[in-house]
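Data first, discussion second: the structure below is written as structure tokens.
The values are calculated or read from the model by the stated rules, or taken from the named source; none is laboratory data. Quantities reported herein were computed from a predicted structural model and do not represent experimental measurements. Glycine gets a Cβ as well: all are built from the backbone with ideal geometry, and neighbour counts include every protein chain shown.
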Amino acid sequence: MASIENVSEESDDAVAKTLGGAQTLVRGLDVMMAIAAGAKTLPDLSEAIGLTRSTTHRLATTLVEQRFLNFTPRVGYSLGPRLLELGHLASRNMSLPRVAHDYLLQLSHDSGDTVHLGILEKDQALYLDKISGSRRIEISSRIGERQPLRSTGIGKALLLDDTEEAWKEVYAREARQFPAYRVPETEWLERMKAYSAAGYALDLEENEDRIRCVAAPIRDAAGRIIGSISVSSAAQYLDDTRMEILKRQVLDTVQAISSEFGWRARR
């Protein structure tokens, strides 16, 4: 008489054999995600995805044969070279302006304000996209132009992961280039510390008279800042209360864009 454990194994194997193609694909993806999360041995994988060891072994073996996984005796499973190849191809096809554009449109529509997208290039903020808002306000910016870092929301958001020493270098450099900036270095550094901790940055009429903005960084799968977005409007439409509301909208938008590049928020 077969033991209960053996009957269970045979039953699970029978179910596995009848899985449709789509279900098998999902199970294979589950295996790779479990390995990415730290599972290395067959028992660990089996427990993580909720299948028997024999079924898990068949899935893992197929993935090893297709180079999606590696297997090293006495070490276990790891992600394979095929994933690196696909990741490289995906990164080549990912254009930040193209991926972000629809999100910028939605943010501009929801807020009624002008939305910018920028990246860090040659020690300045390079504007890659601009969606004008519905208000009768002219924001003097254009796609392709470069702006300072310390006075713009876009620029400060690009610097949020930098050290205090790096911030001091930015301030000193731009003090020579743009000496009319009104915020003293000590105050600017305190603001940057607060912005870095909060995950967003503000422009409080620093770059353009009577224009304020809320900005936040876009991140890739490794958590690196690859760009930033800002919502800009006249100060009369961006009092402190409304800026608090916009912070959440901007942070939600950059999180959605960042997720397209593989970023996941830390819990």
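Could you count how many residues in the stretch 140-178 are assigned to a helix (DSSP H, G or I) and of a type outside the set (Lys, Arg)? The qualifying residues number 16. Quick one: would you say Leu126 is outside the structural domain of Ile154 (by TED's automatic domain parsing), among the aliphatic types (A, V, I, L, M) and closer than 25 Å to Ser258 by Cα? No: the conditions fail for Leu126.
For Glu244, are the conditions met, namely being within 17 Å of Ala157 (Cα to Cα) and at pLDDT below 95? Here the answer is yes, as Glu244 does meet what is asked. I'm told Ser151 meets every condition in (1) crowded, with 19+ Cβ neighbours inside 10 Å; (2) more than 25 Å from the chain's Cα centre (by Cα) except one. Can you identify the failing condition by its number? Ser151 satisfies every listed condition except (2). Selection within the stretch 199-215: residues that are free of Cβ contacts under 8 Å to residues at least 40 places away in the same chain and part of a strand (DSSP E or B). The member of this set that is surrounded by the most Cβ atoms within 10 Å (Cβ to Cβ) is Arg212.
Just to be sure before I move on: is Ile143 surrounded by 15 or more Cβ atoms within 10 Å (Cβ to Cβ) and more than 17 Å from the chain's Cα centre (by Cα) in the structure I sent? Against the criterion (surrounded by 15 or more Cβ atoms within 10 Å (Cβ to Cβ) and more than 17 Å from the chain's Cα centre (by Cα)), Ile143 does not qualify.
Among the criteria (1) assigned to a helix (DSSP H, G or I); (2) at pLDDT 95 or above, the one Ser232 does not fulfil is (1). Do we find a residue being over 14 Å from the mean Cα position of the chain (by Cα) and either crowded, with 17+ Cβ neighbours inside 10 Å or not in a helix (DSSP H, G or I) (or both) anywhere in the stretch 216-226? For the stretch 216-226, residues over 14 Å from the mean Cα position of the chain (by Cα) and either crowded, with 17+ Cβ neighbours inside 10 Å or not in a helix (DSSP H, G or I) (or both): absent.
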